[in-house]
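Working notes, beginning with the structure itself.
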Amino acid sequence: MKRDAAMKLAQEGLNDLNAALQQGSSEALRRYLDVLGRFHQYSFGNVMMIVQQHPDATYVAGFHTWRKLGRWVKKGEQGIAILAPMVGRKRRDDSRNGPKDGSDDNERTLLGFRVVHVFDVSQTEGEEFPELAGIDGDPGDRLRRLEAIVADLGIDLQYDNPGGGALGASRNGSIVVCAGMPAAETFAVLVHEVAHELLHQQTGRKRKVSRTVRETEAEAVAYVVCQAMGLETTTRSADYIHMYQGDTETLSQSLDAIQKTAATLIERLQKESSVEQLAA
């Protein structure tokens, strides 16, 4: 598959999702968010491509990576095309006079994208692949880690009554979460409010997008993070169907924001876990 064809595939996925949302069906959004939860390290465009080609994918890797893991791609399996960045060194125009700041006169820069192929674990065979650890509806220490991340972001957190019948509230630098909820629900609500802080309060987007878009984005982030952590949630994310606001550009911007914010929180939660294990 050529690069243009791959990019077209991602755009087709976005168009299909937008059309489904306009028709009142949110199942496509749920499917996309499910895959995003499993592949948070990929851009939203690549996730869209994975959904289009292999919606049931659970773990993907390249041909050589699978060999290092003791598994081989089954004969006849077709790879899942994604776009990978090409990074190289670009010589500065004034390099003939030498760098003036003492730095290398060759800068690493993005040169473009190329098509690479990955394969889902179901397309491989070999050594037994370990099941990803789940937490069966209990966030365990992840709630405490999330609280530590909130504090590190400089956000004040209180467990109290947010008022207005809400389970949580984001107040530009402070978060209030309803006290006394089960740990799993507390975790999901806290992720939702942190998403509001990162997506809307700190960026000024709160004034630029509708309340429906804001709530959809925050709930989608909560859904993705909970999925990645092994938590089953009854999030309202898939019930919001107006995020698109009638055009794919707005939907694309929302999905990109959701992916980046969810990925940031997931990576920080995983990093906190690794630090704790090293300290143990």
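The values are calculated or read from the model by the stated rules, or taken from the named source; none is laboratory data. A quick note: this is a predicted structure, and the numbers were derived from the prediction, not measured. Note: ideal-geometry Cβ built from the backbone for every residue, glycine included; neighbour counts use all protein chains shown.
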Task: strands (runs of 3 or more DSSP E) wholly inside segment 1-94 containing at least 1 residues that are among the β-branched types (V, I, T), without any contact (Cβ under 8 Å) to a residue 40 or more places away in the chain and out of contact with any Cys (no Cβ under 7 Å at 6 or more places or on another chain) - done: 80-91
Task: Residue that is outside the structural domain of M229 (by TED's automatic domain parsing) and surrounded by fewer than 14 Cβ atoms within 10 Å (Cβ to Cβ), where the choices are Q11, Q23 - done: Q23
Task: Residue tally, condition modelled with pLDDT of 95 or more and at positive phi, over segment 121-168 - done: 1
Open item on the list: Here is a check on your reading of the model: is E217 buried (at least 23 other Cβ atoms within 10 Å of the Cβ) and in contact with a strand residue (DSSP E or B) (Cβ under 8 Å, 6 or more places away or on another chain)?
Closed with: no
